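Notes to accompany the following structure.
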Amino acid sequence: MSWRQTVLFSLLLFMPLLAQNRPHEVWQKANKALNNEQLDEALRLYKNMLNYSRKTANRLGEVNALEAIALVYKKQGHYSQAESYCQQSIQTKTPTFRAYYLLAQIAFEHHENVTLAKGFCRQGLQRFPQNEDLLFYQDLLIRQQPVPNHTANRSYHNSTSSAATSSTGYLTRMEKEIIEEMNLARTQPRHYAKKVRNLLQYYQAKLLKIPGKIPVRTNEGRKAVEEAIAFLEKVQPAGPLSPSYGMSLAARDHVADQSKTGQTGHVGGDGSEPFERLERYGSWEGFSGENIAYGDDSAEMFVMQLIIDDGVPSRGHRENMFNDQFHYAGVAIGEHTVYRSMCVITYATGYSDK
């Protein structure tokens with residue numbers, strides 16, 4: 001089951017306070033286009049707002065538009081343009097932390113230059129000393145071995161895992177492994193494609209028969225797996241997810257609920273939606289989402305199930321998994337009266353515990 005909720009805030013939805021109705025509506029349209037992956041339309045609208053902000057001397061609007069344009073260019077794979085707009089934001093003297101964060105991501109993921117990426121993190125932290133995104137990304141880079149990002153290197157997986165699971169005593173071992181497995185897939189999708197490809201040998205038509213496991217009848221068979229492999233081989237890497245205590249508590253509430261009722265889906269027995277459960281334990285910003293998987297017995301299989309997304313036409317679970325606008329995740333695993341086991345993963349752009 002996949003679910004997504006959006007609110008208007010900061011860089012990711014770029015909504016400075018404007019008195020005029022028309023500019024406000026343009027920002028909303030741009031945000032919606034970005035959310036729906038209509039990148040050309042989002043780019044056109046954000047450039048319109050950049051011109052408007054400059055004409056009206058709206059510095060906040062100008063910075064937000066510059067960084068929005070940079071994000072869209074990065075998602076399109078136009079890295080030099082993305083870098084240029086980030087630098088323009090920095091030159092305004094009032095950038096947000098995201099200009100440095102995007103530059104660090106591009107340096108690491110595209111140029112495969114760990115030293116340069118660290119430098120951008122340091123520059124950002126000089127201006128925003130306590131920013132959690134920059135601190136986490138810097139920690140990842142410090143642990144990173146000097147090898148290309150797309151290389152299938154186990155030491156990179158280990159460094160990502162240790163960075164992602166520090167101070168996570170509230171998670172079980174398997175819940176920590178979920179975070180590790182997602183981060184491996186997000187940061188090294190081409191390497192992960194090889195893992196998913198190994199599943200193909202166990203399909204007999206639409207029946208998945210993995211040795212030692214109960215056979216599972218799928219909806220699409222090999223077709224969904226092959227599509228997932230093609231996706232992993234072309235998708236741009238996304239940054240790792242930081243584990244969140246409050247978000248994990250929200251996920252745990254839903255597991256506790258469905259473990260008793262045997263229900264499935266994202267609406268709780270009390271009628272709560274995913275974003276409402278997140279708000280019990282803190283405040284979230286930007287985008288939030290929730291994935292639920294049922295019936296598996298390992299972190300690897302839970303994550304692969306969500307990436308393959310068999311029987312889900314929108315591939316919404318996969319979309320959540322690789323959404324580069326998500327920076328935080330909560331995880332909970334428990335028993336389910338019908339499907340034996342379940343895993344709930346919550347996502348958000350930003351999250352602050354109560």
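The values are calculated or read from the model by the stated rules, or taken from the named source; none is laboratory data. Everything quoted here is computed from the prediction, not taken from an experiment. Positions of Cβ are backbone-derived with ideal geometry, glycine not excepted, and every protein chain shown enters the neighbour counts. Remember, those area values only see protein heavy atoms, side chains included, never the ligands or the DNA or RNA. Shrake-Rupley method; radii C 1.70, N 1.55, O 1.52, S 1.80 Å.
Data overview
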read-out: In the range 24-49, the residues that are open to solvent by 10 Å² or more (accessible area, probe 1.4 Å) and more than 24 Å from Asn323 (Cα to Cα); value: His24, Glu25, Asn48
read-out: In the range 295-326, the residues that are hydroxyl-bearing (Ser, Thr, Tyr) and within 26 Å of Gly350 (Cα to Cα); value: Ser314
read-out: Residue that is more than 29 Å from Val26 (Cα to Cα), touching a Ser or Thr at 6+ places or on another chain (Cβ under 9 Å) and crowded, with 19+ Cβ neighbours inside 10 Å, where the choices are Glu109, Glu67; value: Glu109
read-out: Tally, over the range 58-74, of residues that are modelled with pLDDT of 90 or more and over 15 Å from Tyr100 (Cβ atoms); value: 6
read-out: In the range 112-140, the residues that are buried (at least 17 other Cβ atoms within 10 Å of the Cβ) and among the small types (Gly, Ala, Ser); value: Ala117, Gly124
read-out: Subset of the range 307-322 (residues that are open to solvent by 10 Å² or more (accessible area, probe 1.4 Å), over 16 Å from Leu199 (Cβ atoms) and either in a loop (DSSP other than H, G, I, E, B) or polar (S, T, N, Q) (or both)); value: Val312, Pro313, Ser314, Arg315, Phe322
read-out: Residue in the range 88-106 that is nearest to Pro240 (Cα to Cα), counting only those that are open to solvent by less than 20 Å² (accessible area, probe 1.4 Å) and polar (S, T, N, Q); value: Gln105
read-out: Residue count, the range 176-213 (criterion: under 28 Å from Gly330 (Cα atoms) and in contact with a strand residue (DSSP E or B) (Cβ under 8 Å, 6 or more places away or on another chain)); value: 5
read-out: Meets criteria (modelled with pLDDT under 90, open to solvent by 10 Å² or more (accessible area, probe 1.4 Å) and not in a helix (DSSP H, G or I)) for Asp297; value: yes
read-out: Output for the range 53-66, where each listed residue is in contact (Cβ under 8 Å) with a residue 24 or more places away in the chain and in contact with an Asp or Glu (Cβ under 9 Å, 6 or more places away or on another chain); value: Ser53
read-out: Condition check for Glu41: closer than 19 Å to Phe128 by Cβ, charged (D, E, K, R), modelled with pLDDT of 90 or more and assigned to a helix (DSSP H, G or I); value: no
read-out: Residue that is nearest to His191 (Cα to Cα), among those in the range 229-266 that are polar (S, T, N, Q) and either surrounded by fewer than 20 Cβ atoms within 10 Å (Cβ to Cβ) or free of Cβ contacts under 8 Å to residues at least 60 places away in the same chain (or both); value: Gln236
read-out: Pick from the range 267-294, criterion part of a loop (DSSP other than H, G, I, E, B) and at negative phi, ranking: most open to solvent (accessible area, probe 1.4 Å); value: Asp270
read-out: Residue that is farthest from Tyr73 (Cα to Cα) [pool: residues in the range 324-338 that are part of a loop (DSSP other than H, G, I, E, B) and open to solvent by less than 10 Å² (accessible area, probe 1.4 Å)]; value: Phe326
read-out: Qualifying position, being under 29 Å from Ala104 (Cβ atoms), out of contact with any helix residue (DSSP H, G or I) (no Cβ under 8 Å at 6 or more places or on another chain) and at pLDDT 90 or above, among Ser244, Ser248; value: Ser244
read-out: Qualifying residue in the range 89-104 (condition: in contact with a helix residue (DSSP H, G or I) (Cβ under 6 Å, 6 or more places away or on another chain), modelled with pLDDT under 85 and either polar (S, T, N, Q) or more than 29 Å from His266 (Cβ to Cβ) (or both)); value: no
read-out: Contacts under 7 angstrom Cβ, first residue in the range 92-119 being over 22 Å from Arg54 (Cα atoms), partner among the aromatic types (Phe, Trp, Tyr) and modelled with pLDDT of 90 or more, 6 or more apart; value: Leu103/Phe120; Ala104/Phe120; Ile106/Tyr79; Ala107/Phe120; His110/Tyr79
